[in-house]
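For reference, the structure discussed in these notes is given below.
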Amino acid sequence: MTDIREIPGWTVETLHEDHAQALRETALLYDSETEHQRLRVFRNPTFGRILTLDGVVQVTEGDEFIYHEMMTHVPVLAHGAAKRILIIGGGDGGMAREALRHRSVEHVTMVEIDAGVVEFSKTYMPSISDGAFDDPRLDLQIADGAEFVRRDMPGYDVIIVDSTDPIGPGEVLFTDTFYGQAHRLLNEGGILVTQNGVPFLQGQELTNTLRAFKALFADWTCYMATIPTYAGGPMAFGWGCKGEARSTSPATIAARFKKADITTRYYTPDVHVAAFALPRYVLDLMP
């Protein structure tokens, strides 16, 4: 029997034990092992350039806007007065790009463990960062995110954890200790959002994160968005807030979005509100 991972011309992601997705590879643009992980960039007819880390899809030119818009604009617009933002991970620069589109944001700290991810993203997928690395409001730190949040520093209004899956270098970003330190760094009214995988296939990952959030935040839940290359259904984003930002009225969200004057391809104020309406199978994962 042919090993599915050896089909010529196809890259097969086998993140899940009993579920795989195959992506046609028309050109291999980059393949190299760094100190932390194996990086590959290849071209696909539908999704354009695709980045994988250790064989797992991280970002594609075709659908990255959904992920990055929903992880930034939801907390920033819900908060309403976010000036300082911390991004853990996000080496491709897409999260920083979206955060910096808010003119009201004064400072963005981005903490990426692997300098190689940043450098090759600039070279091989520059459309994703779209100049974010040159914005003077961005402070790029090459460091371990779990160690960074232990430092004493000014607080943040929004913290975005743009992590890989809880394997390898990203595993420490799913621990109670990490969440506790991130909570400590949030200003009053601050919001923490996290990447929590596809709950239909990775339900325990979401349950574990929300169990920690339940102990830390008065307001905790998740919201969802459908991103085609993250196979298995909608992706969940953990939400923890030191305030009542989730109850911000739809009219206020719409007014803030209009004032921000940002052009989006997925996010709308209506999508913002609807993203918190969860299907039963996800509600059943709540601790």
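In region 170-257, if the dipole is taken from +1 on Lys/Arg beta carbons and -1 on Asp/Glu beta carbons about the Cα centre, which of LEU201, PRO250, ALA212 is farthest to the positive end?
After comparing all options, I get PRO250.
For a Förster distance of 22 Å, can you work out the FRET efficiency between the beta-carbons of ARG137 and ALA260, rounded to the nearest 0.05?
Working: r = 15 Å, r/R0 = 0.70.
For R0 = 22 Å, the calculated efficiency reads 0.90.
Using the alpha-carbon atoms, what tilt in degrees (0 to 90, nearest 10) does helix 64-79 show relative to the longest principal axis of the chain?
10
Dipole magnitude of the chain about its Cα centre, charges +1 at Lys/Arg Cβ and -1 at Asp/Glu Cβ only, in debye to the nearest 20? Before the final figure, lay out each step's value.
Values: 25 positive and 39 negative charges, 220 e Å.
So the magnitude is around 1060 debye.
Sort largest first and round to whole Å: the equivalent ellipsoid semi-axes of the chain, each the square root of five times a Cα gyration tensor eigenvalue.
Working: eigenvalues 164, 90, 73 Å².
The equivalent ellipsoid of the chain has semi-axes of 29, 21, 19 Å.
Using Cα atoms only, what is the angle between the long axis of helix 203-216 and the major principal axis of the chain, expressed in degrees (0 to 90) to the nearest 10?
Compared with the principal axis, the helix lies near 20 degrees.
Calculate how steeply helix 250-260 sits against the longest principal axis of the alpha-carbon atoms of the chain, using the helix alpha-carbon long axis, and give the answer as 0 to 90 degrees to the nearest 10.
With both axes taken from Cα atoms, the answer is about 70 degrees.
Going by how many other Cβ atoms sit within 10 Å of their own, how do ASP31, ASP144 line up, fewest first?
Ordered by Cβ neighbours within 10 Å, fewest first: ASP31, ASP144.
Output the pairs from LYS83/LYS122; LYS122/LYS258; LYS83/LYS242 with a Cα-Cα distance over 20 Å in this structure; if there are none, say none.
Working: LYS83/LYS122 26 Å; LYS122/LYS258 31 Å; LYS83/LYS242 16 Å.
With Cα atoms farther than 20 Å apart: LYS83/LYS122; LYS122/LYS258.
Give me the number: length gained by fully extending ASP219 to TYR30, i.e. 0.36 nm times residue separation minus the C-alpha to C-alpha distance, one decimal in nm.
Between ASP219 and TYR30, full extension yields 63.8 nm more.
Could you pull out every residue, at least 5 positions away or on a different chain, whose amide H is within less than 5 Å of the one on TRP10? Hs are placed 1.01 Å off N in the peptide plane, and Pro or chain starts have none.
Answer set, sorted by chain and number: GLU25.
Rank the residues ILE50, ILE160 as a footprinting-exposure proxy: fewest other Cβ atoms within 10 Å of their Cβ go first. Please report the intermediate quantities before stating the final value.
Working: ILE50 26, ILE160 30.
With the sparsest Cβ surroundings first, the list reads ILE50, ILE160.
Bear in mind these aren't lab numbers, they're just calculated from the coordinates by the rules spelled out. Bear in mind that the values here come from a model prediction, so they are computed numbers and not experimental data. As a convention, Cβ positions derive from the backbone with ideal geometry for all residues, glycine included, and neighbour counts pool all protein chains shown.
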